[in-house]
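The values are calculated or read from the model by the stated rules, or taken from the named source; none is laboratory data. Here the structure is a predicted model, which means the values were calculated and not measured. Heads up, the Cβs are rebuilt from the backbone with ideal geometry, glycines too, and the neighbour counts pull from every protein chain shown.
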Ligand SMILES: [Zn+2]
Ligand SMILES: [Zn+2]
């Protein structure tokens, strides 16, 4: 019997890129998809950026967290490597 496959998206958690503290799913569900959010780690007080998006190719949920806003904006799907289009920027579809 297979249990829990449908709850895989619950594995998503926000991890502090500075100290690695796991913030769990605390609040990420209310974050707007495809927006860059600034967050503050309660453990090390670092401010970092988080973006949540659903891959348009493989439909994986992604949470990208980084100290660099630029890096968060240049997100790629961690499951298939697909990079969503970003405004005003050329990008090349990776050949798979
Ligand atoms: Zn931290
Ligand atoms: Zn993907």
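Results, tabulated for the structure shown:
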| read-out | value |
| --- | --- |
| Among the residues listed as 56, 6, 42, the single one being modelled with pLDDT under 80 and out of contact with any strand residue (DSSP E or B) (no Cβ under 8 Å at 6 or more places or on another chain) | 6 |
| Qualifying positions in segment 47-66 - surrounded by fewer than 15 Cβ atoms within 10 Å (Cβ to Cβ) and under 17 Å from residue 22 (Cα atoms) | 47 |
| Answer residue from segment 9-39, given it is assigned to a helix (DSSP H, G or I) and more than 12 Å from residue 65 (Cα to Cα) and is modelled with the lowest pLDDT among those | 9 |
| Hey, residue 64 at pLDDT below 90, within 16 Å of ligand 2 (Cβ to nearest atom) and either in contact with a strand residue (DSSP E or B) (Cβ under 8 Å, 6 or more places away or on another chain) or not in a loop (DSSP other than H, G, I, E, B) (or both) or not | no |
